[in-house]
Amino acid sequence: MQNIYITGKENSDPPKIITDKITCPKCGHQQQDHIECRKCGIIFAKYKTVQSSEEQTNMTPESTELSDDTDRWLGMTGKLAVIGLMSFFFIYMVIKRSSWCFLDYVNLPFHETGHILFGPFGETVQFLGGTISQLMWPFILIIYFMMRNEQVSASFCLFWFGENFLNISKYVADARSMGLPLVGGGIHDWNFLLGKWHVLKYDHTIANVIFIIGVIIMIGAIGWAFFVKPKSDNRES
């Protein structure tokens with residue numbers, strides 16, 4: 001915007017402002033301040049908004065590549081962290097097969113909740129409900145992350161799903177000896193179930209089969225996480 005001045009009759013008189021003029025940012029036409037250009041017809045406020053949006057959209061290739069590289073680096077770092085965490089727990093739980101680890105305590109609330117959820121479906125289902133619940137929740141999360149195409153997260157939930165088999169195998173192997181402490185006391189789930197099904201003497205054999213199934217699932221989960229792309233790369237493709 002420019003101001004147009006006229007001078008007084010004598011040089012000592014100060015200049016007086018006649019009017020303000022504005023220059024059209026599109027065609028350069030000058031006119032008195034107005035909301036639109038009388039020559040090309042653009043509305044000044046909207047034209048400035050469009051220009052601002054175009055400047056944000058037309059980012060330089062260098063800045064776009066830098067943003068993509070950062071997303072890719074963060075995605076790969078997260079992926080390697082998940083693989084490292086799964087590998088650590090896998091080695092620990094296979095070597096320390098009979099020992100309890102951190103994830104076992106994570107599983108415990110889901111196990112106990114299962115007895116409550118499946119209680120109305122009869123005595124046998126109630127005792128089996130703890131095991132069902134342990135497997136149900138990670139399986140639901142696998143489906144959830146697969147639907148979102150977050151395969152690294154889904155692979156971790158598959159690892160958790162497999163780890164539950166290792167946890168269950170410890171409980172099954174204890175069916176006859178019943179040496180594990182029970183939450184709130186009560187009846188041992190697998191002593192009751194295997195006794196009801198007349199296979200209590202095979203508790204260690206059944207436990208070994210469950211353990212092997214869990215190991216296979218956990219190895220598969222680690223391999224899945226290793227070969228899939230992070231979510232940032234999936235979004236680019």
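The values are calculated or read from the model by the stated rules, or taken from the named source; none is laboratory data. None of the values given here were measured: they were computed from a predicted structure. Don't worry about glycine lacking a Cβ; one is built from the backbone with ideal geometry, like all the others, and counts go over all protein chains shown.
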- Give, as residue ranges, the helices (runs of 4 or more DSSP H) completely inside the range 144-237 that count at least 3 residues that are without any contact (Cβ under 8 Å) to a residue 24 or more places away in the chain and surrounded by fewer than 16 Cβ atoms within 10 Å (Cβ to Cβ). 203-227
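Residue by residue, here is whether (1) modelled with pLDDT of 90 or more; (2) under 19 Å from residue 105 (Cα atoms) holds:
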{"residue": "158", "(1), (2)": "yes, yes"}
{"residue": "183", "(1), (2)": "no, yes"}
{"residue": "203", "(1), (2)": "yes, no"}
{"residue": "209", "(1), (2)": "yes, no"}
{"residue": "223", "(1), (2)": "yes, no"}
{"residue": "228", "(1), (2)": "no, no"}
{"residue": "231", "(1), (2)": "no, no"}
{"residue": "235", "(1), (2)": "no, no"}
- Query: Residues in the range 115-138 that are in contact with a Gly (Cβ under 8 Å, 6 or more places away or on another chain) and within 15 Å of residue 165 (Cβ to Cβ): how many?
  - Reply: 6
